[in-house]
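Read through the structure below, which is laid out as structure tokens, and then see the notes.
The values are calculated or read from the model by the stated rules, or taken from the named source; none is laboratory data. Remember, predicted model here, so these are calculated numbers, not experimental data. Ideal geometry is used to build each Cβ from the backbone, glycine not excepted, and the neighbour counts take in all protein chains shown.
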Amino acid sequence: MVQIRPITDLRKTTEISEICHQSEDPIFITKNGYGDLVIMSIEAYEKQLAKAVLYAKLADAEKQVADGIKLIDADEVFLQLKNNHAK
């Protein structure tokens, strides 16, 4: 569940840390009633970053397919890797 907290709650470091580690959802911090910061655990951040990298790679692959770049069958790739590294 998304949480929105005022910036003064950042003084409660232990509580905020526990909330971040209990949920993968970020905590939105407001200042004077407006959005100011987003905080999350390192683990949640790394998962979000990994997803963003994966989505970027998928978008690049889809663009390559749309542009007509020659594709190689996965079985062929694995066979080439096996032949190159099985010595």
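The table below gives the values:
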| quantity | calculated |
| --- | --- |
| Some residue of the range 80-87 being at pLDDT below 95 and among the hydrophobic types (A, V, I, L, M, F, W, C) | yes |
| Residue in the range 15-30 that is surrounded by 10 or more Cβ atoms within 10 Å (Cβ to Cβ), part of a helix (DSSP H, G or I) and aliphatic (A, V, I, L, M) present | yes |
| Residues being part of a loop (DSSP other than H, G, I, E, B) and closer than 30 Å to residue 6 by Cβ - total across the range 31-87 | 4 |
| Failed item in (1) modelled with pLDDT of 95 or more; (2) of a type outside the set (Phe, Trp, Tyr); (3) surrounded by 11 or more Cβ atoms within 10 Å (Cβ to Cβ); (4) assigned to a helix (DSSP H, G or I), with residue 5 passing the rest | (4) |
| Within the range 18-30, considering residues that are in contact (Cβ under 8 Å) with a residue 24 or more places away in the chain and not hydrophobic (A, V, I, L, M, F, W, C), the one farthest from residue 1 (Cα to Cα) | 30 |
